[in-house]
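S.K.: Supplied in structure tokens, the structure appears directly below.
The values are calculated or read from the model by the stated rules, or taken from the named source; none is laboratory data. Everything quoted here is computed from the prediction, not taken from an experiment. Here the Cβ positions follow ideal geometry from the backbone for every residue, glycine too, while neighbour counts run over all protein chains shown.
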Amino acid sequence: MRQAYFITGTDTNAGKTVATLALMHYFQQQGYSVVGMKPVAAGCVWANSLEGGSKGQWQNEDALLMQSHATVALPYALINPYAYEEPVSPHLAGVDNPVDCSVLKARFEQLKERADIVLVEGAGGWYAPLNAQQDISDLAKALSLPVILVVGIKLGCINHAKLTYQALLQSGLPCAGWLAVCLDKDMLKQTENIQTLKQALTAPLLGILPYSEPVDYAGLATYITGPLF
């Protein structure tokens, strides 16, 4: 492994998966092998027919996208160790099978051996609870990774971004930068909001990903300017 990053967002549906997949293509376009990891996913469907004749398992749409866009073929369970059926907070969805950060760290160590770049996407926001005692920030600290903050550009994003960024700084983890993901094609003063965030956040702006429907991940990768590494 050359480098790994932890991807967090200002909220649920802030565009973390879009950003992660765009980053995967960004690194691929530079000639690196890359894999994505979705340690915890809530809101899964049951898959009965799996390769190799193995038993069925819960699978998440975002994790499947990471699996299909990686440069390395990986078993689903390595990409998404904790897959919960209900689309609710992991600490509620996983009451009978709570997230164990030591398990996730072990899976991450396996992924490190498979590719140049590993991108780990968190669930929800920075303080979204994983289990009864820990939240997403604890997982990022357990993995000791630099963080990329995804800001969903919509009404209210300035407050959410400033609060999340402050929490990131307090964690002691380095922030490699932030990505602006434009979620609302009709948003008023979009450019002005991004400019305000550029002035408020001291970490570098890594790129502005425009609204895209359908989403073209390889195309969005061209809007990522870095610096990374």
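For (1) outside any helix (DSSP H, G or I); (2) surrounded by 17 or more Cβ atoms within 10 Å (Cβ to Cβ); (3) touching a Ser or Thr at 6+ places or on another chain (Cβ under 6 Å), each residue gets a yes or a no:
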residue: I148; (1), (2), (3): yes, yes, no
residue: L155; (1), (2), (3): yes, no, no
residue: L169; (1), (2), (3): no, no, no
residue: G177; (1), (2), (3): yes, yes, no
residue: A180; (1), (2), (3): yes, yes, no
residue: D184; (1), (2), (3): yes, no, no
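S.K.: Look through region 5-26, keep the residues that are of a type in the set (V, I, T) and in contact with a Leu (Cβ under 7 Å, 6 or more places away or on another chain), and return whichever of them is surrounded by the fewest Cβ atoms within 10 Å (Cβ to Cβ).
M.R.: Only one residue fits best here, namely V18.
S.K.: Going by what's in this entry, would V103 be described as farther than 28 Å from I224 by Cβ, β-branched (V, I, T), at pLDDT 95 or above and in a loop (DSSP other than H, G, I, E, B)?
M.R.: For V103, the condition - farther than 28 Å from I224 by Cβ, β-branched (V, I, T), at pLDDT 95 or above and in a loop (DSSP other than H, G, I, E, B) - is not met.
S.K.: Can you work out which of the residues in region 106-129 that are of a type outside the set (V, I, T) and in a strand (DSSP E or B) is surrounded by the fewest Cβ atoms within 10 Å (Cβ to Cβ)?
M.R.: P129
S.K.: When only residues in region 35-48 that are touching a helix residue (DSSP H, G or I) at 6+ places or on another chain (Cβ under 9 Å) and surrounded by fewer than 24 Cβ atoms within 10 Å (Cβ to Cβ) count, which is modelled with the lowest pLDDT?
M.R.: Across region 35-48, the extreme among qualifying residues is A47.
S.K.: Still on this structure, I have one more. Considering Y223, Y217, Y165, which residue is touching a Gly at 6+ places or on another chain (Cβ under 7 Å), among the hydroxyl-bearing types (S, T, Y), at pLDDT 95 or above and closer than 19 Å to E121 by Cβ?
M.R.: Only one candidate passes the filter, namely Y223.
S.K.: Still on this structure, please answer the following. Hey, can you tell me all the residues within region 138-196 that are among the β-branched types (V, I, T), within 14 Å of the chain's Cα centre (by Cα) and farther than 26 Å from A106 by Cα?
M.R.: V151, V181
S.K.: May I ask you to say which residue of Y76, Y82, Y127 is touching a residue at least 12 places away in the same chain (Cβ under 8 Å), within 29 Å of Y211 (Cβ to Cβ) and hydroxyl-bearing (S, T, Y)?
M.R.: The match here is Y127.
S.K.: Within region 8-41, can you find the residues that are touching a Gly at 6+ places or on another chain (Cβ under 8 Å) and under 18 Å from R114 (Cβ atoms)?
M.R.: T20, L21, M24, P39
S.K.: Same structure again: Which of the residues belonging to region 130-146 are within 16 Å of G177 (Cβ to Cβ) and part of a loop (DSSP other than H, G, I, E, B)?
M.R.: L145, P146
S.K.: Tell me whether region 192-204 contains one or more residues that are out of contact with any helix residue (DSSP H, G or I) (no Cβ under 8 Å at 6 or more places or on another chain), part of a loop (DSSP other than H, G, I, E, B), modelled with pLDDT of 95 or more and closer than 15 Å to L228 by Cβ.
M.R.: Yes - at least one qualifying residue is present in region 192-204.
S.K.: Sticking with this one: Which one is farthest from V45 (Cα to Cα), of the residues in region 63-101 that are surrounded by fewer than 21 Cβ atoms within 10 Å (Cβ to Cβ) and in contact with an Asp or Glu (Cβ under 8 Å, 6 or more places away or on another chain)?
M.R.: Only one residue fits best here, namely C101.
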